[in-house]
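Chemist: Sending over a structure as structure tokens; questions will come in a sec.
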Amino acid sequence: MENTSANVSDKDGSVNNSEISLNSADESATLSLANESDSTDSADESDEKSNSDDIREEMDHEKDLPLMSNVKDIHISHYILQLKCLMETRELIGHVTLLRCCDQARCTECTKQRTLNQKITVKSKCLKIIASQEKKSKFNIQRIESEHNYIDVLNENTSTMVSGQVKLESLSDHSYDCADMICAQQSSSLNAKNSSYMSSMNSVKVNTDHAISLDGTLENSTNDFKMILDCCDIEIDYVEELDLPLYMFKDLVQNNYNKDLNENLTLVTKALGRLMWEYGRHSVSVWKEGVKTESHFPSVIRIHYRTKPTGQSLKWTLDQDQNWCVFTNGHWINNRSFFPSQDSPTAMATWQAEIEVQKHLSVVMGGDNHEMVAKSDEDGWKKEYFNSRMEMPSSTISLAIGYWSFVTIPLKYNKGELYRKPCRVVGPRSILCQSITELRDYIPVCLGEVNNILGPYPFPRLDVLIVPPCFDSLGMASPCVIYIAQSLLAGDCSMFVRIAHEICHSWFGLVIGPKDWTEEWLTEGFCTYIEDILHLNVIQANGLCDEAEVIAEKQLRMYLKYKTLQNELLNTSADLQTLRPNKYNTESSTNYVKDGMNPEKRFLQVHYLKGYFLLCYLESFVGLEKFLRMLHSYVITFYKELVSSKDVISFMFNVLPELKDNGLTEEKILEDWLDKPGMPEALKNYELSDGNVQLQQVKKQVSLLRMSYPTEGSRKRKRKLNMKPKLENLSPLQLVLFLEILLEDEKIPANQLVNIRTRYQMMSQNADVQHRWCELVIKHKVQKCYQDLKKFLLNHQAMGVYLYGEMVLSGCKQQKKLAEECFNTLKDHMEPDPYSTVKAMVYGT
């Protein structure tokens, strides 16, 4: 337009000399202006279309979890977290230092090696396993003790019993020197991988006059290389490049970690200048002005930030003793509002942490050793140090801080084997006093039994933390730390099958993970399959049941799982029922986790149960012993690797030739079980055998009760209403099935329900039984038992979400009022997902 204006001005100067020329010029100018206008309109339309496409794509992926980090271009190899916990303001402040793979030659070699490893077929691995198994005449578990170099940390000072009393110890009163407790093979592997790591430490310096922090108002040169990290709900102060001494860089990357090194880190590092950064909706981008390629990007950067009280990766709440605490709650955004990171399945890294807290607070964190504690300073603050030499996704890092105590569990397994792993139960003092006997009887035996099935526990220690009531799950596993809900503490170990499930995640989900996070059955299905076997072995080893009872209870558990799966498939959209939604691996699937932020999926068990029944189905062709032997081989073969569904099914077919002999094919299994919604064909005629003694006992009690129901028009109505059938004792699992069957009845007299409540002391049973009982109370509007609803909703928040919906849909004003009352009591401490779900149920918004 500037050129056209100049031309018109010139022409105006010559108007008296050549009118014809002017008219011609005007016509030309008009045409030029029109063309420019058309061009502008076209550009506007193009921009509008582009914006529309962006909005449409965002809407298409509204329920998907975005994977923003450019891990294919640049890889973080080590994180250093240095944070201070401000409990009063509900925030962590400090910084995270990121050390990246800076040696281009090494990166190239790593890529080649990974590609080479991926080309090694599953079949070639399986042939070796088959050959070794043929030499064995009986089931003989192959040990992998060489993975670890254990030490025995048990001594007289850590005894948990003093004169028959439980000894509670404050976490903050103890420090551990576990420097020798290392995974020798892991360490040597890392040293070998990093031997040529430092060839390009000379990075381009930043001009500090132009290094500024951006909040999205200034655009960088499109040619500058950006490092993109997954991040949200974090307040970033600034980002800087660091000059780290060569010796320290090597020590940190190669993980020859010690507390003194971490304490000196701030003193010896030199800030070279600030880098530019900007926020995206789910990310933060960092770049250095003038740096065009990844190879010249800074090797070490530090992000100074603080978390927000509302950040969904951290839950700030009151514990059972009404003290404030905070913990990483396993939200679907993972740790993105805890610290910026590369949050992708393939982005593995080691890490270390320095957590500063007030001296009376305790810190529970994953890592290789228990915390190493620096002496408290004059202001009453202390620092605790953690580290991990094992490369893991950033989402697996757990942190919990609170006013807690701990009990060290004796690890003498009752079959005579000393299980050489330090193990503690951590939590509020009041809860520990109530539950420690139950946990002490179960956990050591569980660790011993899983050792017989899958091999040694793959991490050097285990902390079991009893989390606050607002925790929206029954359990969660991360390396070296397991969270459990108080709902599991029933006093009789009947709910501890969930602890067995979380322990199994140490293998399935942590040391062996899925390449695609949508293939959750590879973790949840496997753990659900092993949990029953493991749990029943434990209760049998503890003398709580005999072999016949174990078989009957296993069948009963399978039947209850089948009924749950049936119900979920009837009430779940088809797209949430497939176990391999990214079968065709479209480009968008690498940028998003499908349904990763779908609130419907949060409470579903389809991936657990369809995966469980697939493994049971395959087991039926080869027998339990051989199938477990295959799983142990699977753990050894894919140790510290990422797998796909196709990898796993191929492995099974190669190790178990009986599957092919029975007419099964890999393609058919993938199609029928993983790629289709609905009930797999092989399960459609599933029934529990009438020969099951425990089932027969339950059916007998149901028949006795139903005989007491009044018959329409009966002359004996009054007498029947007063009948109290003599109900026999039932186990907790039998009670669950008993109540499940009664939920199918349209009408049950209120007096009979009260009779059931009294006979079985319902509110003293475990949470599974109580949940079914509350469903009966809601369905039949038993006003005398409405306080049971309130008690359950307040004490078992993770299990009570859908009860709110049932209370509202019941049409009973009293139930709706009770639902509102409970929600308003709990809402300030609810986790975000249950909060929004329950609010919508209660208020319709």
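Chemist: On a 1.4 Å probe surface of the protein chains, which of 578, 758 comes out largest in accessible area, and what is the full order?
Modeler: 758, 578
Chemist: Just to be sure I understand the model, the point goes 7 Å from the Cα along the line to the Cβ. What's the resulting residue 378 to residue 224 distance in nm?
Modeler: Each label point is offset 7 Å from its Cα along the Cβ direction, giving 4.3 nm.
Chemist: List the relative contact order of the stretch 382-541 as a percent without decimals, with contacts defined as Cα pairs under 8 Å and 6+ residues apart.
Modeler: Result for the stretch 382-541 is 19 percent.
Chemist: Work out from phi, with θ = phi - 60° and the Karplus expression 6.51 cos²θ - 1.76 cosθ + 1.60, the ³J(HN,Hα) of each residue of the stretch 692-699, listed in order in whole Hz, and give x for Gly and Pro.
Modeler: So the J values, rounded to whole Hz, are 5, 4, 5, 5, 4, 4, 5, 4.
Chemist: If you plug each phi of the stretch 815-820 into the Karplus form 6.51 cos²θ - 1.76 cosθ + 1.60 with θ = phi - 60°, what whole-Hz ³J(HN,Hα) values come out, in order, with x for Gly and Pro?
Modeler: Once θ is set to phi - 60°, the couplings for the stretch 815-820 become 5, 4, 5, 5, 4, 5 Hz.
Chemist: Along the three principal axes, how long is the stretch 532-683 when you take its alpha carbons, biggest first, rounded to the nearest angstrom?
Modeler: Principal axes ranked by extent give 52, 35, 32 Å for the Cα atoms.
Chemist: Next question, about the same structure. Based on the mean of other beta carbon atoms within 10 Å per residue, what is the order of 346-359, 779-792, most packed first?
Modeler: 346-359, 779-792
Chemist: Also: Checking the table 791/813; 563/676; 72/315 against a 27 Å threshold on Cα-Cα, which pairs fail?
Modeler: Where the Cα-Cα span goes over 27 Å, the pairs concerned are 72/315.
Chemist: If packing is taken as the average count of other Cβ atoms within 10 Å, what order do 390-396, 681-687 fall into, highest mean first?
Modeler: Averaged packing, sorted descending, gives the order 390-396, 681-687.
Chemist: Once the piece of chain linking residue 251 and residue 84 is laid out straight, how much longer is it, given 0.36 nm per residue of separation minus the C-alpha distance between them?
Modeler: The residue 251-residue 84 span can extend by a further 57.7 nm.
Chemist: With θ set to phi - 60°, apply the Karplus curve 6.51 cos²θ - 1.76 cosθ + 1.60 along the stretch 341-356 and write out the HN-Hα couplings as whole Hz, x wherever there is a Gly or Pro.
Modeler: With the stated coefficients, the stretch 341-356 comes to 7, 8, 9, 9, x, 8, 8, 8, 7, 8, 7, 8, 8, 10, 10, 9 Hz.
Chemist: Further question: Figure the gain on full extension for residue 728 and residue 790 (residue separation times 0.36 nm, minus the Cα-Cα span) and round it to one decimal in nm.
Modeler: 19.5 nm is the gain from fully extending residue 728 to residue 790.
Chemist: Shifting gears a bit: Given the peptides 287-293, 223-229, arrange them by the average over their residues of other C-beta atoms within 10 Å, most packed first.
Modeler: Descending packing order for the listed peptides: 223-229, 287-293.
Chemist: Which distance in nm do the two modelled labels at residue 824 and residue 686 give, with both placed 7 Å along the Cα-to-Cβ direction?
Modeler: Label at residue 824, label at residue 686, 4.3 nm between them.
Chemist: For the pair residue 802 and residue 323, how long in nm is the line joining their label points, each one 7 Å along Cα→Cβ?
Modeler: Result: 3.7 nm between the two label points.
Chemist: Would you kindly find the accessible area of residue 602, with a 1.4 Å probe and non-protein molecules such as ligands, DNA and RNA excluded, rounding to the nearest 10 Å²?
Modeler: Accessible area, nearest 10 Å²: 70 Å².
Chemist: Run the dipole for the stretch 273-390 about the Cα centre, Lys and Arg Cβ at +1, Asp and Glu Cβ at -1, nothing else charged, and hand back the magnitude in debye, nearest 20.
Modeler: Dipole magnitude for the stretch 273-390 comes out near 420 debye.
Chemist: Could you work out the relative contact order of the stretch 539-668? I mean the mean sequence separation of Cα pairs under 8 Å and 6+ apart, divided by the number of residues, in percent.
Modeler: Relative contact order for the stretch 539-668 comes out at 20 percent.
Chemist: Moving on to the next point. Could you give the length gained on full extension between residue 764 and residue 575, defined as 0.36 nm per residue of separation minus the Cα-Cα distance, in nm?
Modeler: Extra length available between residue 764 and residue 575 comes to 64.1 nm.
Chemist: Give the calculated FRET efficiency between residue 437 and residue 267 to the nearest 0.05, with a Förster radius of 45 Å applied to their Cβ-Cβ distance.
Modeler: Result of the calculation: an efficiency of 0.40.
Chemist: Let me ask something else. At a threshold of 8 angstrom on Cα-Cα distance, excluding pairs fewer than six apart, so keeping six or more, what relative contact order does the stretch 750-834 reach in percent?
Modeler: Once divided by the residue count of the stretch 750-834, the mean separation gives 24 percent.
Chemist: Could you tell me the calculated FRET efficiency between residue 603 and residue 554, based on Cβ-Cβ distance and R0 = 22 angstrom, to the nearest 0.05?
Modeler: Here the calculated transfer efficiency is 0.30.
The values are calculated or read from the model by the stated rules, or taken from the named source; none is laboratory data. Since this is a predicted model, take the numbers as computed values, not measurements. A quick note on method: Cβ atoms are made from the backbone with ideal geometry, for glycine too, and the neighbour counts reach across all protein chains shown. Please note that ligands, DNA and RNA were not included when accessible areas were found on the heavy atoms of the full protein model with its side chains. Shrake-Rupley method; radii C 1.70, N 1.55, O 1.52, S 1.80 Å.
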